Amino acid sequence: MTPPDSSKLRVAIVGAGYVAGHHIAALKRLNHVDIVGICDPNTAAAQALASRFGIARIAAGLPELADAAPDAAYILTPPASHRALAMQALDMGCHVLVEKPMADSVADCEAMLAKARSAKRLLGVNHSDLFDPVLMRALDAARSGRIGEVVSVDIIRNSEYPPYAGGPLPSSVSQGSYPFRDLGVHGLYTLEAFLGAVSEVRVDYQSRGTDPNVHFDEWQAHVQAEQGLGRLLLSWNARPMENRLFVRGTRGIIEVDRFLQTCRIQRVLPGPKFIGIVVNAVTRAARDLFQVPWNVLRFATGQLKPSPGIQRGAIEFAHAARDGAAPPFDAEDALRIARLLDPVCAAPDRQRLEMLEARYAALQPADALVTGAAGFVGRALVKRLRASGQTVRVLVRRPLAAYLEDPGIQMVIGDLGDPRIVRHAVTDAGIVYHVGAAMRGGPRDFEAGTTWGTRNIVDACLACATPRLVYVSSLSVLDHAGRDPSRTVNEASAFEPHPQLRGAYTQTKLAAEQVVSAAIREQGLPAVIIRPGQIFGPGAEHVTPNGTIALAGRWVAVGSGTQTLPLVYLDDLIDALLQAARLPAAAGQLFNVVDPDEIAQQRYLQRCKARLGDELRIVRVPVWMFLCLGFGVELLGKLLRRDVPLTRYRVRSLRPLANFDTSAARDTLDWSPKVGVERGMDLTFGQ
């Protein structure tokens, strides 16, 4: 093994989330720093980050990097883990930088500080907003007296969190105060920087329910400080996004826009008040006309770094660790903020915990559980089960009024990605119909709603000895781009060979189906997999048919209008699901459920147009033209180093599947369409 370079500061990165990328990018610019490794229990995320930045080692935990003799550990994980990881790093002899907030409680902060003192190591907290260039300019202007005496400061910030990606509930979901602990800490130390020590904090909060996993999503804090009053407004609902600060003084106002990286100073001008107001407004507009495009250009060319405060904090701590100097923001600074946070966070934490625990109230046995019961198929399935007299339990993310009013429906509120709530929903639920899956959003939405959700359902069904699981998969899992159009499609047809090129929906549906198949094969799970064709019916008039995408307010039909669609009417699909639950011979089997009658895409679009009228604009383009567009979008994605929604492979995969052999559904499920596509189109679009 190569001995460590003693001339450099050896840094271990703990945590492979998005903030780690900013720290690593900053440290990579320092000649005196050597990043010895990245550790994260999610080794795939650690490996992706290591590959991106050319870092040789990854590990699941910090002790695995002990032989690299790190001098410093940058702990970039959720706050609940900060204390344990900091103690571990200090025991290894590392200086420690943690991202804000320092920890989840005053007691944890005090323990970390005491440990650092006894180990004679630096313990810093990245109060990164104070290193934002425009905020630093505002501080300099206020401290130099350019706006007179500061009397008040307002901070306005909107935000959104990455979706919960499944697994045991993280603090961001389970902790009522998490939004304020996460962003309020920035606000409090910023208010102190302008107004002096804070003596009192009063917080108001409420829930609008936009994101069920961020419960208290509106926050206002009123702050009393040595030199004036402060107010902090945090919202996860208000749009467009804002990150602004207003400093009001006796002789002027400073306005900072941290998204646009602008700092405007309006001062009291000599002469009539109205003239001064007009001059300030015109001057501000003229400066913005130049400054905003200039900042955009600087960002596009890499001169202006993303999250500059985070990166500057990482750099300054590395300098302090190398030089044996005090860190820019030490544990004492963070402990003072923690003592302000703790009292105001206790009530929302308690309320959120009580709310979550109430979800686990004892339930009477039910005949069936339906996941995805708020969706198009789930609602129809619940309606049919109730019409047959069955008691139904539903797992939904939000309460639904229609289900609240029916005494034969038990409603469990929770996320499919949460294994505990899924186990609660499955217990004593009889037949489980797993219809739920993510239909929109980013990769984390699909991971939680589809992959984690299906894994949780399978695990719960095995643990509870569920008599039958009916899983609704998708034809998306099959190979579209590479198939031979003349060959029959059946249950043994090839899977999609490049799901990563098709997007998150196909990736996660394929992974989920394989989870169910493996449980059937290896653990004897009594499950049935149903792959429906494109589901249509009243309520789905605005859903684009296969081979068509919604783009710029239009439906773009790609290729020939004579290509046929693999359709199934909603009521016919429900028949198949009920048969899959009822028939013993169906257990362990897979069925493609597609109406044998073929309908040309153009004919289906004409019926849509007749129903929707001028609301629907349809454009047909040849495949070659869309392939060219896909190629252009691919090049743009490579230039910007981002995933893009359209590629040549996705264009080739738009071609609908055809030539279905539905004999398995006919012979084993005893299924054939009772409504059919012709009558179904009449019911959906009118005759």
Please indicate, with yes or no, whether at least one residue in the stretch 547-556 is closer than 23 Å to V435 by Cα and either among the charged types (D, E, K, R) or in a loop (DSSP other than H, G, I, E, B) (or both).
no
Yes/no for L191 being touching a strand residue (DSSP E or B) at 6+ places or on another chain (Cβ under 7 Å), surrounded by 23 or more Cβ atoms within 10 Å (Cβ to Cβ) and under 20 Å from P328 (Cβ atoms):
yes
Out of the stretch 252-294, which residues are in contact with a Leu (Cβ under 6 Å, 6 or more places away or on another chain) and surrounded by 15 or more Cβ atoms within 10 Å (Cβ to Cβ)?
V256, G276
In this structure, does L646 turn out to be of a type outside the set (S, T, N, Q) and either surrounded by fewer than 20 Cβ atoms within 10 Å (Cβ to Cβ) or assigned to a loop (DSSP other than H, G, I, E, B) (or both)?
yes
Got a sec? Which of A552, A600, A610, A518 is out of contact with any Phe, Trp or Tyr (no Cβ under 6 Å at 6 or more places or on another chain), within 19 Å of M681 (Cα to Cα) and without any contact (Cβ under 8 Å) to a residue 40 or more places away in the chain?
A600
Can you tell me which residue within the stretch 426-448, out of those that are within 16 Å of A511 (Cα to Cα) and among the aliphatic types (A, V, I, L, M), is modelled with the highest pLDDT?
V435
Checking A460 against (1) in a helix (DSSP H, G or I); (2) surrounded by fewer than 23 Cβ atoms within 10 Å (Cβ to Cβ), only one condition comes out false. Which one?
(2)
Quick check on my filter: what residues within the stretch 92-111 are under 24 Å from I24 (Cα atoms) and either among the basic types (K, R) or in a helix (DSSP H, G or I) (or both)?
K100
Qualifying residues in the stretch 474-500 (those that are part of a helix (DSSP H, G or I) and without any contact (Cβ under 8 Å) to a residue 24 or more places away in the chain) - the one surrounded by the most Cβ atoms within 10 Å (Cβ to Cβ)
P499
Just the residues that are under 27 Å from F446 (Cβ atoms), outside any strand (DSSP E or B) and either touching a strand residue (DSSP E or B) at 6+ places or on another chain (Cβ under 6 Å) or among the small types (G, A, S) (or both), please, taken from the stretch 427-436.
A429, V435, G436
If you go through G313, G309, the only one that is at pLDDT 80 or above, small (G, A, S) and in contact with a strand residue (DSSP E or B) (Cβ under 6 Å, 6 or more places away or on another chain) is G313
As an exercise: evaluate L404 against (1) crowded, with 24+ Cβ neighbours inside 10 Å; (2) modelled with pLDDT under 95; (3) hydrophobic (A, V, I, L, M, F, W, C) and give the number of the one condition it does not meet.
(1)
Would you mind finding the one in I277, I315 that is part of a helix (DSSP H, G or I) and not assigned by TED's automatic domain parsing to the domain that holds N158?
I315
How many residues of the stretch 649-660 are crowded, with 17+ Cβ neighbours inside 10 Å and part of a loop (DSSP other than H, G, I, E, B)? The answer is 6
Tell me which of these Y471 doesn't satisfy, since it passes every other one: (1) of a type outside the set (G, A, S); (2) part of a helix (DSSP H, G or I); (3) within 30 Å of Y161 (Cβ to Cβ).
(2)
Can you tell which of A361, A387 is more than 20 Å from V470 (Cβ to Cβ), surrounded by fewer than 17 Cβ atoms within 10 Å (Cβ to Cβ) and either of a type in the set (S, T, Y) or without any contact (Cβ under 8 Å) to a residue 12 or more places away in the chain (or both)?
A361
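A quick yes/no check of all residues on (1) closer than 30 Å to N659 by Cα; (2) more than 23 Å from the chain's Cα centre (by Cα):
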| site | (1), (2) |
| --- | --- |
| I421 | no, no |
| A425 | no, yes |
| Y433 | yes, yes |
| F446 | yes, no |
| C461 | no, yes |
| H480 | yes, yes |
| S486 | yes, yes |
| E491 | yes, yes |
| Q514 | yes, yes |
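The values are calculated or read from the model by the stated rules, or taken from the named source; none is laboratory data. Bear in mind the structure is a predicted one, so any value in this text is a computation, not a measurement. Backbone-built Cβ (ideal geometry, glycine too); neighbour counts: all protein chains shown.
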